[in-house]
Amino acid sequence: MGKIPIEVNRVQRPELYAMIAKWSKYPYRYAGRTSKGIDCSGLVCEIQRTVYGRSYSGGSADIYPKLTKIPKEELQEGDMVFFKIRKNKISHVGLYLGNNLFLHATTKAGVIVSDLDEEYYRRRYFGAGRDPKAPTCTPLYLPTTP
């Protein structure tokens, strides 16, 4: 599916890289959270749950109000970035990876990494949020391969 230009040494949590590799194999599917396909909020919710031990449900517009808002300049790996793609409403979410890159699921390319400064996303960027709770110490998903 999507091309993921991330190296293991660029992510702070190795289990995050394993999840990126896992989900990049599957196509986009609205409201999906399985190997048959995944959408943007499903991807973020699954990674938050398995890597950070945080539970979310619903779509991007449902997740945004639950987070502490942060300026773009303070983004850290694991933060969520939100976009107004359709009808000037929050309709897309991604997971910030660092170095201005974020992971998300798109209808055309599946799970990909994009740059926040790409014109399309820069124009539609709405805001960012961080879970006020610290991640759990032990991730729920531990990769079996390096």
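Of the residues examined, Ser55 is not one that is within 22 Å of Arg13 (Cα to Cα), touching a helix residue (DSSP H, G or I) at 6+ places or on another chain (Cβ under 8 Å) and part of a strand (DSSP E or B).
If you go through the stretch 74-94 and pick out every residue that is in a strand (DSSP E or B) and either of a type in the set (Val, Ile, Thr) or farther than 10 Å from Gly129 by Cα (or both), you end up with 11. Picking from residues in the stretch 102-118 that are part of a loop (DSSP other than H, G, I, E, B) and in contact (Cβ under 8 Å) with a residue 40 or more places away in the chain, the one that is surrounded by the fewest Cβ atoms within 10 Å (Cβ to Cβ) is Lys108.
Selection within the stretch 81-101: residues that are small (Gly, Ala, Ser) and either more than 15 Å from the chain's Cα centre (by Cα) or within 16 Å of Ala61 (Cα to Cα) (or both). The member of this set that is surrounded by the most Cβ atoms within 10 Å (Cβ to Cβ) is Gly94. Listed by first and then second residue, the pairs with beta-carbon distance under 9 Å, at least 6 apart or on different chains, first residue in the stretch 1-25 and within 13 Å of Tyr52 (Cα to Cα) and assigned to a loop (DSSP other than H, G, I, E, B), second at pLDDT 55 or above and of a type in the set (Asp, Glu), are Gln12/Glu77; Arg13/Glu77. Annotation: Ile90 fulfils all but one of (1) touching a residue at least 12 places away in the same chain (Cβ under 8 Å); (2) over 19 Å from Tyr125 (Cβ atoms); the unmet one is (2).
Matching residues to (1) touching a helix residue (DSSP H, G or I) at 6+ places or on another chain (Cβ under 6 Å); (2) closer than 16 Å to Gln12 by Cβ; (3) basic (Lys, Arg):
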{"residue": "Gly59", "(1), (2), (3)": "yes, no, no"}
{"residue": "Asp62", "(1), (2), (3)": "no, no, no"}
{"residue": "Pro65", "(1), (2), (3)": "no, no, no"}
{"residue": "Thr68", "(1), (2), (3)": "no, no, no"}
{"residue": "Lys72", "(1), (2), (3)": "no, no, yes"}
{"residue": "Gln76", "(1), (2), (3)": "no, yes, no"}
{"residue": "Phe83", "(1), (2), (3)": "yes, no, no"}
{"residue": "Lys87", "(1), (2), (3)": "no, no, yes"}
{"residue": "Val93", "(1), (2), (3)": "yes, no, no"}
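Considering only residues of the stretch 35-52 that are among the charged types (D, E, K, R) and part of a loop (DSSP other than H, G, I, E, B), which is nearest to the chain's Cα centre (by Cα)? In this case the residue turns out to be Asp39.
All of (1) within 13 Å of Val111 (Cα to Cα); (2) under 15 Å from the mean Cα position of the chain (by Cα); (3) surrounded by fewer than 17 Cβ atoms within 10 Å (Cβ to Cβ) hold for Ala31 with one exception: (1).
The values are calculated or read from the model by the stated rules, or taken from the named source; none is laboratory data. The structure displayed is predicted, hence computed values, not measured ones. Please note: Cβ atoms are built from the backbone with ideal geometry, for glycine as well, and neighbour counts cover all protein chains shown.
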